[in-house]
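Notes to accompany the following structure.
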Amino acid sequence: MIKTWREKIFLSVFWISFLIIGIAKIAQWPILEYALTPLPPLILIALYYHLKGIDQTIYFAFFFCFIGDVMILGSDINYFISGLTAYWGASILFSFSLYRELETSMSEALKKSKMSLPFFIYGIYFIFLMYFIEPYMGDVFIPTFIYALSLSFACAFSFVVYFNNKTKESPIFV
């Protein structure tokens, strides 16, 4: 959990960078947007290193997020799909890391009634999201569908790990 002033600074810079990126998008300042977009994953890498130490899987996942952020800046559809693929790889790595944190087997964890609730909630969310964005996606619907499915699974799985282990670190993945 966030306790020290350094950790608070990391989180403050993280949220401030997102705020500035949002302002740059709204104000249409592309140079500022392009310069700051890769910053959030780098801040998360530094924060995670400060909090947890050495878990190579998480660093690879954040690296994939960084690559996705850089690739998504391109205006071509190939850049978009490459960025989505990088995000998908990060989602898989986050899920793998969460699976290692689970103290029981996945089948035992899902036997408890409240453990399947996150999958149900994120499943409904996924279905409604895909239903509403499908008319606007065109050629990129299938890659977006695959990425959104894996991201929904990772989010639901982080809550399963949280409910099972009762740690405060698990929802950070959400």
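Values in this text are rule-based calculations from the coordinates and carry no lab data. Predicted model only: the values in this text are computed from it and were never measured. Positions of Cβ are backbone-derived with ideal geometry, glycine not excepted, and every protein chain shown enters the neighbour counts.
Here is how the numbers come out for the structure above:
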item	result
Nitroxide proxy distance, nm - points 7 Å out along Cα→Cβ at Leu102 and Tyr136	3.4
Estimated inter-spin distance, Ile146 and Leu19, nm [label 7 Å along Cα→Cβ]	3.8
Ascending count of other beta-carbon atoms within 10 Å, so fewest first, for Thr4, Thr37	Thr4, Thr37
Residues Trp5, Trp88 arranged by fewest to most Cβ contacts within 10 Å	Trp5, Trp88
Span-rule helices in the chain, defined as complete DSSP H runs reaching 30 Å or more along the axis (Cα) with Kyte mean at least 0.5	5-27, 77-101, 113-137, 141-165
Cβ-based exposure ranking for Met106, Met71, in which fewest neighbours within 10 Å come first	Met106, Met71
Cα-Cα P(r), the chain, percent of pairs per 5 Å interval	1, 8, 13, 17, 19, 19, 13, 7, 2, 1, 0
Segment 77-173, relative contact order [Cα under 8 Å, separation at least 6], %	44
Ratio of Rg to Rh over segment 1-54 (Cα coordinates, Kirkwood Rh, two decimals)	1.08
